[in-house]
């Protein structure tokens, strides 16, 4: 065993630990890799690509602050290769977002493993994912739930308990299926994993596919409102944080 020196040595080079040895590939990657944000719906032609493209636009507008987050989208039953639904594309275009390059893709194990946070549109999407990949329980949440929890935290940490989103510290909820851990205002993933976080009926975002222009307008507006609450928490997270 090496005896620690009484005087500090030179600072380690990038990719090295204090003893001068190379960091493991996983550790070095975790320090430099972008935070991967994956949006999921069913067909990957309406809600999830709208969320991805709107999020990408907001992150680009945040300049350097948003540069550490990458976005993607997929479907639990994707219409593989299809473009975005026309009514959703129209709504996005009115917000200055070009969706012409989108092509639907199926959610698979590779995409799921690469994601730090997976935000789905309805509880059924989360159930489907966890039936296929139970180990993803710590990273898959409804977009509406994330917006409610992280938005309440931005307003006031006490709001989480007062509104019934979270129980007092130490209280658990056996119905959540989520392992609990302490949460801090700077740690959005821990907030979402905290004991007692529940999926409420209003957290879901209804499928607008082939339901007309008004359904598309409502869905895109709701998604954008949710992103307005979720993305600031992710942008301000500790840079070393990984899921």
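Derivation of every value follows stated rules applied to the coordinates shown; laboratory data play no part. These numbers were taken from a predicted model, which means no experiment stands behind them. Don't worry about glycine lacking a Cβ; one is built from the backbone with ideal geometry, like all the others, and counts go over all protein chains shown.
Fully extending the segment from residue 131 to residue 80 would add 16.2 nm, taking 0.36 nm per residue of separation and subtracting the current Cα-Cα distance.
Among 138-144, 212-218, 44-50, sorting by the average number of other beta carbon atoms lying within 10 angstrom of each residue, highest first, gives 44-50, 138-144, 212-218.
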